[in-house]
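Each reported figure results from applying straightforward, stated rules to the coordinates on display, with no laboratory input. All values derive from a computational prediction rather than experimental measurement. No Cβ is skipped: glycine too gets one built from the backbone with ideal geometry, and neighbour counts run over all protein chains shown.
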Amino acid sequence: MAEHEHVRVAVIGSGFGGLGAAVRLRREGITDFVVLERAGGVGGTWRDNSYPGCACDVPSHLYSFSFAPNPDWPRTFSGQEHIRAYLERVADDFDLRPHLRFDSEVKLMTWDEDELRWHIETASGSLTADVVVSATGPLSDPKIPAIPGLDSFPGRVFHSARWDHDYDLRGKRVAMVGTGASAIQIVPSIQPEVDRLTVFQRTPPWVMPRMDRAIGTAERKLHQALPFTARLRRGLLWGIRELQVQAFTKRPDELGLVERLAKRNMARAIKDPALRAKLTPDYRIGCKRILLSSAYYPALAQPNVDVVASGVTEIRGSTVVAADGTETEVDAIVFGTGFHVTDMPIAERVIGVGGVTLAEAWKGGMEALRGGSAAGFPNWLSVIGPNTGLGNSSMILMIESQLNYLADYMRQLDTLGGRTALDARPAAVGRWNRRVQERMKRTVWNTGGCTSWYLDAGGRNTTVWPGTTTEFRQATRRVDLTEYEVLRKPATKPAAVPSEATA
Ligand SMILES: Cc1cc2nc3c(=O)[nH]c(=O)nc-3n(C[C@H](O)[C@H](O)[C@H](O)COP(=O)(O)OP(=O)(O)OC[C@H]3O[C@@H](n4cnc5c(N)ncnc54)[C@H](O)[C@@H]3O)c2cc1C
């Protein structure tokens, strides 16, 4: 990295969010930007999660960029390697390579109140930027619980998102800790080859059948020859999910029917009533993410699998001890225990106005105007920020909405001219957040009787969007300047835009 390098925009992360931002900036005619990535390649989630069986839970024709359709998806639900390859292609097709800076983990970002720019320190050097787009991903920093004795476990330990491909699981006794989205894909993939698999389950998930199938050559050719057929397919996939949202956000009681289908999915494979009782959730379906698998329950029913319906409390030598007193000797422990979602490490590294870190600003819970701007952090936009997650549809829809917002943000800065920055007004952030939290009260995520990673340490849901993707698209179409204070260099009074009181 050149000394004293300055760019208009620094994008952090090269997953769907970061690459999407890069494409969008180029489309807006902005080429003075870099994409800072801590790893050695693009892909984010789909680079880091290479565990056996890793695949998407949203059909590929919806889980892809609208501006980069792929008529060649090989399956209805693509596997990790195909999604990763897709993102590599996006980087090539949109000529993003010259902007990519790998091995450039962002260590610190500090807002310069005099110069109205961000000072960014990375593993490969430092630079300044007018605008930061933080696309570091809500599920990119793996979380392993602090279990007494784990440090002295003599076998192999790894997290699902950092799979140890050098370790051969064949013939081993393996503990799978956790039963979330990753675990239910790992379990059926490794069950046939391990000696014994013990699944430690704190809370059973609801699991629906996965309607996955290969997409045949004729179908692919049709999409290639007549691109509108692929758009139609995407539209249908989107529309169905858009209709389902009402049940999650307004009428959780309607989800009872879905629970019956999930129970039937379990009953088909699990004949042992005791095991079935262990695996039956006691909360409303949808409260935690609904998982899709037609292979999970059949794998659990195999003779080399045990389910311990209890969390892990201690590791004693090579023995895993559960809260119910069960002791299991194992050779390897695989953690499918999720990510730092509401305590994102990046928040410790962002220092805004007055030297306040984002982590400090968010200590009462994450909040950002329209999911993107935090008060006191001018010209800093987050992609997949607070309350932008979805329970049942494609995150790419939300990312693209935030990219629309980014594009208008850049236009607004251009129109205002000079060295300008936008700082979200605390009142606007508060108003947005109150509306989100008010709507959240009725949702299945808050009323369904579970605790989940959607909730923060204070029990507040700061992760999920309590509406349709259409509503979010509308809310992020344009930047409303009355929601921001306009800062100018040299520092003067705020520029003459209507204040909130008069807007
Ligand atoms: C196993 C798994 C399955 C999933 N399945 C689905 C699904 O079915 N449907 C769905 O909608 N979503 C799914 N998701 C959610 C998924 O994370 C999002 O859909 C999307 O991929 C997020 O893209 P992103 O670019 O925001 O973040 P990521 O893909 O996580 O990318 C973030 C990037 O930022 C980089 N980074 C982080 N910190 C720094 C730093 N300090 N400096 C530099 N670089 C940094 C990371 O290395 C990474 O490359 C899944 C997630 C996981 C983990």
Could you run the Karplus curve 6.51 cos²θ - 1.76 cosθ + 1.60 with θ = phi - 60° over the stretch 47-55 and give me ³J(HN,Hα) per residue in whole Hz, x for Gly and Pro? 8, 7, 9, 10, 5, x, x, 5, 7
Net charge over other residues, Cβ less than 14 angstrom from the Cβ of Gln302 (K, R count +1; D, E count -1): -2
Which is farthest toward the positive dipole end of the stretch 69-161 among Pro69, Pro154, Pro138, measuring Cα position about the Cα centre, with Cβ charges +1 (Lys, Arg) and -1 (Asp, Glu)? Pro154
Mind listing the phi-derived Karplus ³J(HN,Hα) values for the stretch 66-79, rounded to whole Hz, using 6.51, -1.76 and 1.60 with θ = phi - 60°, and x for any glycine or proline? 5, 8, 9, x, 10, x, 9, 3, x, 9, 5, 10, 6, x
Write down the percent of antiparallel bridges among all DSSP beta bridges whose residues are both part of the stretch 352-503, to the nearest 5. 90
Histogram of C-alpha separations across the stretch 123-276, 10 Å bin width, %: 7, 22, 25, 27, 16, 3, 0
Taking Rh as the Kirkwood radius computed over alpha-carbon pairs of the chain and applying Stokes-Einstein at 10 °C with viscosity 1.306 mPa s, one gets a diffusion coefficient in µm² s⁻¹ of 66
Taking H as built 1.01 Å from N, whose amide H comes closer than 5 Å to the amide H of Val7, not counting residues under 5 places away? Thr128, Ala129, Asp130
Placing unit charges on C-beta atoms (Lys and Arg positive, Asp and Glu negative, everything else neutral), compute the dipole magnitude of the chain about its Cα centre in debye, rounded to 20. 1940
Would you list which lysines come within 30 Å of Lys250, measuring only between C-alpha atoms, while excluding same-chain residues fewer than 8 positions from it? Lys263, Lys278, Lys288, Lys363, Lys441
Calculated from DSSP H runs of 4 or more alone, at -39500 (n - 2.57) each and per residue, what is the 222 nm mean residue ellipticity of the chain, nearest 500? -9000 deg cm²/dmol
Hz values of 3J(HN,Hα) by residue in the stretch 5-12 - Karplus curve (6.51, -1.76, 1.60), Gly and Pro given as x: 5, 10, 10, 5, 9, 10, 9, 10
Quick one: which residues, 5+ away or cross-chain, put their amide H under 5 Å from the amide H of Ala39? H built at 1.01 Å from N. Asp103, Ser104
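Pulled fully out, how much extra length does the chain show between His119 and Tyr167, if you take 0.36 nm times their separation in residues and subtract their Cα-Cα distance?
Value of the extension gain: 13.2 nm.
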Sticking with the crude label model, points 7 Å out along Cα→Cβ, report the distance from Thr217 to Arg231 in nm, one decimal please. 2.8
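Take the Cβ-Cβ distance between Ala146 and Glu105 as r, set R0 to 25 Å, and report the resulting FRET efficiency rounded to the nearest 0.05. Don't jump to the answer; show the numbers that get you there.
Numbers: r = 24 Å, r/R0 = 0.94.
About 0.60, to the nearest 0.05.
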Can you compute the modelled spin-label distance between Ala68 and Glu242, with each label point 7 Å from Cα toward Cβ, in nm? 2.4
If I stretch the segment between Thr415 and Arg89 completely, what's the gain in nm (0.36 nm per residue apart, minus their alpha carbon distance), one decimal? 114.0 nm
Given Cβ charges of +1 for Lys and Arg and -1 for Asp and Glu, the option among Gly430, Thr203, Pro273 whose Cα lies farthest towards the positive end of the dipole of the chain is Pro273
Report the extension gain between Ala267 and Thr313 in nm, rounded to one decimal, defined as 0.36 nm multiplied by the number of residues separating them, less their alpha carbon distance. 13.6 nm
Thr451 paired with Ala274, simple spin-label distance in nm, labels 7 Å along Cα-to-beta-carbon: 2.8
Most positive-pole-ward Cα, Gly216, Gly365, Ala183, against dipole of the chain from beta carbon charges: Gly216
Beyond 18 Å, the calculated P(r) of the stretch 407-467 holds a percent of Cα-Cα pairs equal to 53
Count the DSSP beta bridges whose two residues both fall in the chain, then state the antiparallel fraction as a percent rounded to the nearest 5. 45
Dividing the mean separation of Cα pairs under 8 Å (6+ apart) by the residue count of the stretch 403-483 yields a relative contact order in percent of 45
Where in the stretch 69-113 are there GluC sites (Glu not before Pro) that are in a DSSP coil and have at most 16 other Cβ atoms within 10 angstrom of their Cβ? Glu105, Glu113
For Thr313, enumerate residues with amide H under 5 Å from its amide H, sequence gap 5+ or separate chain, H modeled in the peptide plane. Val321, Ala322, Ala323
What is the magnitude of the charge dipole of the stretch 1-156 about its Cα centre, with +1 placed on the Cβ of each Lys and Arg, -1 on the Cβ of each Asp and Glu, and no other charges, expressed in debye to the nearest 20? 640
At q = 0.13, 0.14, 0.24 Å⁻¹, what log₁₀ I(q)/I(0) does a Debye calculation on the Cα points of the stretch 15-77 give, no solvent, two decimals? -0.46, -0.52, -1.15
